[in-house]
Amino acid sequence: MFSERIGYIIWVSDLKAARSLEKYGTVHYMSRKMHYVVMYMNSDRSDEVVRNIQRLPFVKRIERSYRNEIKTEYTRGVPDKTRFYSL
(Lines give C-alpha, C1' and ligand atoms only; values in the text may rest on other atoms or scores of the structure.)
Protein backbone atom coordinates (compact mmCIF):
# COMPACT_ATOMS: atom_id res chain seq x y z
CA MET A 1 0.00 0.00 0.00
CA PHE A 2 2.57 2.60 1.09
CA SER A 3 6.10 2.46 -0.25
CA GLU A 4 9.07 2.53 2.11
CA ARG A 5 10.45 6.05 2.66
CA ILE A 6 14.02 7.03 3.49
CA GLY A 7 15.08 10.31 5.07
CA TYR A 8 18.16 12.27 4.09
CA ILE A 9 19.86 15.30 5.60
CA ILE A 10 21.35 17.44 2.85
CA TRP A 11 23.85 20.13 3.80
CA VAL A 12 23.67 23.04 1.37
CA SER A 13 25.49 26.31 0.77
CA ASP A 14 22.52 28.22 -0.67
CA LEU A 15 19.00 27.87 0.74
CA LYS A 16 17.39 29.71 -2.14
CA ALA A 17 18.75 27.13 -4.56
CA ALA A 18 17.82 24.34 -2.12
CA ARG A 19 14.16 24.97 -2.85
CA SER A 20 14.71 23.08 -6.10
CA LEU A 21 15.16 19.86 -4.08
CA GLU A 22 11.37 19.52 -3.92
CA LYS A 23 11.36 17.83 -7.32
CA TYR A 24 13.46 14.95 -5.93
CA GLY A 25 11.27 14.15 -2.91
CA THR A 26 9.30 15.60 -0.03
CA VAL A 27 11.12 18.42 1.74
CA HIS A 28 10.24 18.16 5.42
CA TYR A 29 12.36 20.94 6.95
CA MET A 30 14.85 23.61 5.89
CA SER A 31 17.15 25.09 8.53
CA ARG A 32 18.07 28.67 7.74
CA LYS A 33 20.62 28.93 10.51
CA MET A 34 22.56 25.69 9.95
CA HIS A 35 21.91 25.39 6.17
CA TYR A 36 20.53 21.89 5.90
CA VAL A 37 17.44 20.30 4.40
CA VAL A 38 15.60 17.24 5.72
CA MET A 39 13.82 15.39 2.97
CA TYR A 40 12.14 12.04 2.40
CA MET A 41 11.99 9.98 -0.78
CA ASN A 42 10.91 6.53 -1.89
CA SER A 43 13.50 3.86 -1.14
CA ASP A 44 13.22 2.14 -4.51
CA ARG A 45 14.64 5.20 -6.33
CA SER A 46 16.80 6.63 -3.55
CA ASP A 47 20.21 5.56 -4.92
CA GLU A 48 19.55 7.18 -8.27
CA VAL A 49 18.13 10.35 -6.73
CA VAL A 50 21.03 10.74 -4.27
CA ARG A 51 23.53 10.54 -7.15
CA ASN A 52 21.63 13.28 -8.97
CA ILE A 53 21.45 15.47 -5.87
CA GLN A 54 25.20 15.13 -5.20
CA ARG A 55 25.90 16.60 -8.63
CA LEU A 56 24.13 19.85 -7.77
CA PRO A 57 26.59 22.72 -7.20
CA PHE A 58 25.03 23.97 -3.93
CA VAL A 59 25.08 20.55 -2.16
CA LYS A 60 27.97 20.07 0.28
CA ARG A 61 27.20 16.71 1.89
CA ILE A 62 24.39 14.15 2.12
CA GLU A 63 23.74 12.03 5.22
CA ARG A 64 21.21 9.24 5.55
CA SER A 65 18.75 9.48 8.43
CA TYR A 66 18.55 6.37 10.61
CA ARG A 67 15.33 7.42 12.30
CA ASN A 68 13.29 4.50 10.96
CA GLU A 69 15.86 2.03 12.32
CA ILE A 70 15.73 3.30 15.90
CA LYS A 71 13.76 1.13 18.28
CA THR A 72 10.53 2.86 19.26
CA GLU A 73 8.85 0.06 21.21
CA TYR A 74 9.88 0.10 24.82
CA THR A 75 9.50 -2.65 27.40
CA ARG A 76 8.84 -1.95 31.02
CA GLY A 77 11.66 -3.62 32.95
CA VAL A 78 10.97 -1.70 36.15
CA PRO A 79 7.56 -1.94 37.86
CA ASP A 80 5.39 1.16 37.79
CA LYS A 81 5.61 2.96 41.16
CA THR A 82 3.11 5.73 40.42
CA ARG A 83 0.25 3.84 42.05
CA PHE A 84 2.11 3.90 45.39
CA TYR A 85 2.36 7.69 45.35
CA SER A 86 -1.20 8.50 44.26
CA LEU A 87 -3.95 9.40 46.72
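The values are calculated or read from the model by the stated rules, or taken from the named source; none is laboratory data. On a predicted model such as this, the values are computed, not experimentally measured, just so you know. Using ideal geometry, Cβ is built from the backbone for each residue, glycine included, and neighbour counts are taken over all protein chains shown. What goes into the accessible areas is simple: the full protein's heavy atoms, side chains included, and nothing from ligands, DNA or RNA. Shrake-Rupley method; radii C 1.70, N 1.55, O 1.52, S 1.80 Å.
Output the number of residues of the stretch 64-82 satisfying the condition of being acidic (Asp, Glu) and either open to solvent by less than 70 Å² (accessible area, probe 1.4 Å) or in a loop (DSSP other than H, G, I, E, B) (or both).
The number of residues fulfilling the criteria is 2.
In this structure, is residue 28 in contact with a strand residue (DSSP E or B) (Cβ under 9 Å, 6 or more places away or on another chain) and open to solvent by less than 80 Å² (accessible area, probe 1.4 Å)?
Taking the combined requirement at face value, the residue does not satisfy it.
Suppose the filter is over 12 Å from the mean Cα position of the chain (by Cα) and either open to solvent by less than 60 Å² (accessible area, probe 1.4 Å) or among the polar types (S, T, N, Q) (or both); does residue 38 pass it?
So residue 38 fails the test.
Go through the stretch 1-19 and report how many residues are over 13 Å from residue 32 (Cα atoms) and not hydroxyl-bearing (Ser, Thr, Tyr).
Residues that pass the stated criteria total 7.
Any idea which of 40, 8 is in contact (Cβ under 8 Å) with a residue 24 or more places away in the chain, out of contact with any Gly (no Cβ under 7 Å at 6 or more places or on another chain), outside any helix (DSSP H, G or I) and aromatic (Phe, Trp, Tyr)?
Sole residue among the options that is in contact (Cβ under 8 Å) with a residue 24 or more places away in the chain, out of contact with any Gly (no Cβ under 7 Å at 6 or more places or on another chain), outside any helix (DSSP H, G or I) and aromatic (Phe, Trp, Tyr): 8.
Which condition from (1) loosely packed, with under 10 Cβ neighbours inside 10 Å; (2) touching a residue at least 60 places away in the same chain (Cβ under 8 Å) is the one that residue 55 breaks?
Of everything listed in (1) loosely packed, with under 10 Cβ neighbours inside 10 Å; (2) touching a residue at least 60 places away in the same chain (Cβ under 8 Å), residue 55 misses just condition (2).
Name the residue that is farthest from the chain's Cα centre (by Cα), counting only residues in the stretch 41-87 that are among the aliphatic types (A, V, I, L, M) and under 23 Å from residue 23 (Cα atoms).
For the stretch 41-87, the residue satisfying everything is 56.
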